[in-house]
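Readers should treat all values here as calculations from the given coordinates under stated rules, not as data from a laboratory. It should be emphasised that the depicted structure is a prediction, and the values quoted were computed from it without experimental measurement. All Cβ positions, glycine included, derive from the backbone under ideal geometry; neighbour counts span all protein chains shown.
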Amino acid sequence: MLRAMETTRGKVTIRTLQAKKREGQKITMLTCYDYLTAQIMEEARVDSLLVGDTYGEVILGHSSTLPVTLDHLVTVASAVRRGAPSAYLVGDMPYLSYQVSPETAIRSAGRFMAEAGCDCVKVEVDRRLARTVEAMSAATIPVMAHLGLKPQSIQTVGGYRVQGRSAEDALRIIEDAKIMESAGAVALLLEAVPTEVAGIVASSTELPVIGCVAGPACDGHVVVLHDMLGYGGGHPPRSVKQYAHLHDVLLDAFRIYAQDVQDGDFPTGEHSTSMEADELRKLRSMLGAAG
């Protein structure tokens, strides 16, 4: 049995994550899309919650993250913040909310910060967007730079593929990480890159480096909630570790419920409320007079 943990803690900030990196303590991060789940994650003392654009796939049922809007994610992030007030909350910048211009990026990110109470925004980038990251940082918006596999750009690489397998591609990711650090990013996220590449990036920067299918050398790790719970939806990586199998649990519960209703076993008296006897007699009398 897991040892019980205190549920109260101070606010997790970027300084908290930086200290964890310096002290060799791993940073925990999960995606989150609703208030009640955020409350449970807060109780479990997960360091950081990512309101990811994967919301479009696992909640809305889209085949990619592209249809998700800024309004969607700001609303969801607000709910997650209410559920987890002490977690380091990261808002995921959706498609075309930052690519058009630095000014658009600042306005979009500002909504996550001002309306949802986020601590940081995550942006899928490479060196071509260094000026945008620099402008956002200058506007006091903390940026987590997402490198490697970028789901918003899968059409340009032909699908969900590991990035940085060749020496040339690996070098470009390592260089991009340095460019993003120089541009003012406060953290990095590496998705679907080889362990060796992630290790080089993590060891060559003071920024916290979060891995997503990027091996154990990163300073912390993020997993899509529905993947680790065996819930279904989205594009779970083959290597994901499942900590529960909610699809089966929920399927059983729904089947039993439907059967109980059909058989008349639910609801019964214990699941119902009744009128006081005097009020019931009064009602019958009134109905009789009306009849």
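Between I14 and D248, the modelled labels are 4.4 nm apart [label points 7 Å from Cα along Cα→Cβ]. What nm distance separates the two modelled labels at H235 and S203, each placed 7 Å from Cα along Cα→Cβ? Calculated label separation equals 3.0 nm. Taking other residues whose beta carbon is less than 13 angstrom from the beta carbon of P67, and scoring Lys, Arg as +1 and Asp, Glu as -1, yields -3. Select one label from (i) 0.97; (ii) 1.13; (iii) 0.95: the one whose number is Rg/Rh (Cα atoms, Kirkwood Rh) as derived from the coordinates shown. Matching entry in (i) 0.97; (ii) 1.13; (iii) 0.95: (ii). Short-range pairs are left out: with C-alpha atoms under 8 Å and at least six residues apart, the relative contact order of the stretch 14-244 is 18 percent.
When each full DSSP H helix of the chain is screened for a Cα extent of at least 15 Å along its own axis and an average Kyte-Doolittle hydropathy of at least -0.5, the helices passing are 70-83, 102-114, 167-183, 246-263, 277-290. Our estimate of slack between V157 and R45, defined as 0.36 nm per intervening residue step minus the Cα-Cα distance, is 36.7 nm.
Positive end of the dipole of the stretch 223-291 (Cβ unit charges, origin at the Cα centre): among L251, G233, F266, the Cα lying farthest that way belongs to G233. Take the Cα of R82, step 7 Å toward its Cβ, do the same at T273, and the gap between the two points is 2.4 nm.
Checking the a/c ratio against 1.5 first, then a/b against b/c, what shape does the Cα gyration tensor give for the stretch 21-163? Verdict is rounded for the stretch 21-163.
Taking each of K122/K241; K21/K178; K122/K178 in turn, the alpha-carbon distance tops 20 angstrom for K122/K241. Along its first, second and third principal axes, ordered by size, the stretch 249-290 spans 50, 18, 13 Å in Cα coordinates.
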